[in-house]
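Asker: Below are the structure tokens for one structure; questions will follow.
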């Protein structure tokens, strides 16, 4: 099979697994804060599920990255999804027996599915030429859209399923998540053959003389920029997204309404990916990173100033929040893949995703405390302003990569 044919086949397999994984991701995210608020009895702890989920995601990013580095993408992704399924089942059991310790432990495991969902984007880029990496990443991400949009809208039906099984209604979406992650694991384990990372390494060994990896100082600067951009976008997105359902319910909106807003938000996270990939490949990684920071700022301002009873403005804000995250993730992922040689790629990608996951944990854990102490508007506006940190990171990277800059001349010497 030619490399091009294998590349296309890999994308098709990843499309299927990402649809399933997207449903697992979004279903749990929609009601996680509400379930914790009910079980723990405090709005201030409503951000705890997102924090634990992203802490689990950080641990899984390390594990999946290292396993992929040693054995290839197939065992790494399959193991990550399987652990996420175990975590989802644990949440259902915890809600059924009203066990807070089991809930917290299960949310850590459930975070593995989130990390694996994101790590799959790197598998899509393993066999892609440099000028198509943005589109390869975006193809994998957009596949998440169908499941991610469907998941939150199944909150009520899955609540009915849970009630029929004598399980708390808010645990219903985690039943869906468990099944979705388990099917994603099976799909990857059985069908993702031959392994794209192992094939790419073999091809790289044959063409080592044609290696076009950037020089070390330039690569390090690019990695720093990509890491800062993805960390900031993840922190802002998780913080505002986590508390929006709680904010809506506290002001009279139904759980179904909150599910719809989160569905649109998640759609904006993934659905624009094909266009974003085209822009990243044509305009470059840096302009799209800058656009991501500015979009997140706009999202924060709208969320902060929207009347609490305005579902329309909250929907617009959450859609922009998802779009800004999409810009940061697609452009940042392409930049990381550009900068790292194949021999260290999976491990480095996993390490960066650890930082991304930890930033999400910080955003999730602090979001409930900020809302309890200062309100949702303060949280949204603070997040929007924090997103502007991407701009000085861009300037710092430009000073190293611009051939005429003193820093670049010093690096060459």
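Just so it is clear, none of the values below were taken in a lab; they were calculated from the coordinates. No experiment lies behind these values; they were computed from the predicted model shown. Counting neighbours? That spans all protein chains shown, and the Cβs are built from the backbone with ideal geometry, glycine included.
Asker: Where does each of 356-367, 375-386 land if you order them by average Cβ count within 10 Å, highest first?
Answerer: Ranked from most to least packed, the peptides come out as 356-367, 375-386.
Asker: Related question: Could you tell me whether segment 319-358 comes out rounded, prolate or oblate from its Cα gyration tensor? Rule is a ≥ b ≥ c as square roots of the eigenvalues, rounded for a/c under 1.5, then prolate if a/b exceeds b/c, otherwise oblate.
Answerer: oblate
Asker: Between rounded, prolate and oblate, where does segment 257-342 land on the alpha carbon gyration tensor, with a ≥ b ≥ c its root eigenvalues, rounded for a/c under 1.5, else prolate if a/b exceeds b/c?
Answerer: prolate
Asker: If you count, for each residue, the other Cβ atoms within 10 Å and average over each peptide, how do 233-244, 67-78, 173-184 line up from highest to lowest?
Answerer: My ranking of the peptides, most packed first, is 233-244, 173-184, 67-78.
Asker: For the pair residue 2/residue 224, report the inter-label distance in nm, with labels modelled 7 Å from Cα in the Cβ direction.
Answerer: 4.2 nm
Asker: Note the full-extension length gain between residue 98 and residue 283 as 0.36 nm times their separation in residues minus their Cα-Cα distance, in nm to one decimal.
Answerer: Roughly 61.4 nm would be gained on extension.
Asker: Let me ask something else. How large is Rg/Rh for segment 263-413, to two decimals, with Cα atoms and a Kirkwood Rh?
Answerer: Computed over Cα atoms, the ratio is 1.03.
Asker: Same structure again: In a solvent-free Debye calculation with one equal scatterer on each Cα, what is log10 I(q)/I(0) for segment 146-187 at q = 0.22, 0.23, 0.28, 0.34 Å⁻¹, listed in the order of the q values?
Answerer: Each listed q corresponds, in turn, to -0.68, -0.72, -0.91, -1.07.
Asker: Turning to a different aspect of this structure: Round to the nearest 10 and give me the degree value, 0 to 90, for the angle of helix 376-386's Cα axis relative to the longest principal axis of the chain.
Answerer: With both axes taken from Cα atoms, the answer is about 10 degrees.
Asker: Still on this structure: Kindly express, to the nearest 10 degrees and within the range 0 to 90, the angle between helix 133-153's C-alpha long axis and the longest C-alpha principal axis of the chain.
Answerer: 10 degrees
Asker: Going highest first, how would you order 187-194, 108-115 by mean Cβ packing within 10 Å?
Answerer: 108-115, 187-194
Asker: Taking 0.36 nm per residue of sequence separation and subtracting the Cα-Cα distance, how much length would be gained by fully extending the chain between residue 388 and residue 203, in nm to one decimal?
Answerer: 62.6 nm
Asker: Still on this structure: Using only alpha carbon positions, build the gyration tensor of the chain, then give the equivalent ellipsoid semi-axes as the square roots of 5 times its eigenvalues, largest first, whole angstrom.
Answerer: Equivalent ellipsoid semi-axes, largest first: 34, 25, 17 Å.
Asker: Turning to a different aspect of this structure: Given 0.36 nm per residue, what is the gain on full extension from residue 12 to residue 378 after removing their alpha carbon distance, in nm?
Answerer: Additional length available on full extension: 127.5 nm.
Asker: Same structure again: Over segment 53-207, what lengths in whole Å, largest first, do the semi-axes of the equivalent ellipsoid take, defined as the square roots of 5 times the eigenvalues of the alpha-carbon gyration tensor?
Answerer: Here the semi-axes work out to 33, 16, 12 Å.
Asker: If you don't mind, there's one more thing I want to ask. Find the relative contact order for segment 3-404 and round it to a whole percent, using C-alpha pairs within less than 8 Å whose residues are 6+ positions apart.
Answerer: RCO, segment 3-404: 27 percent.
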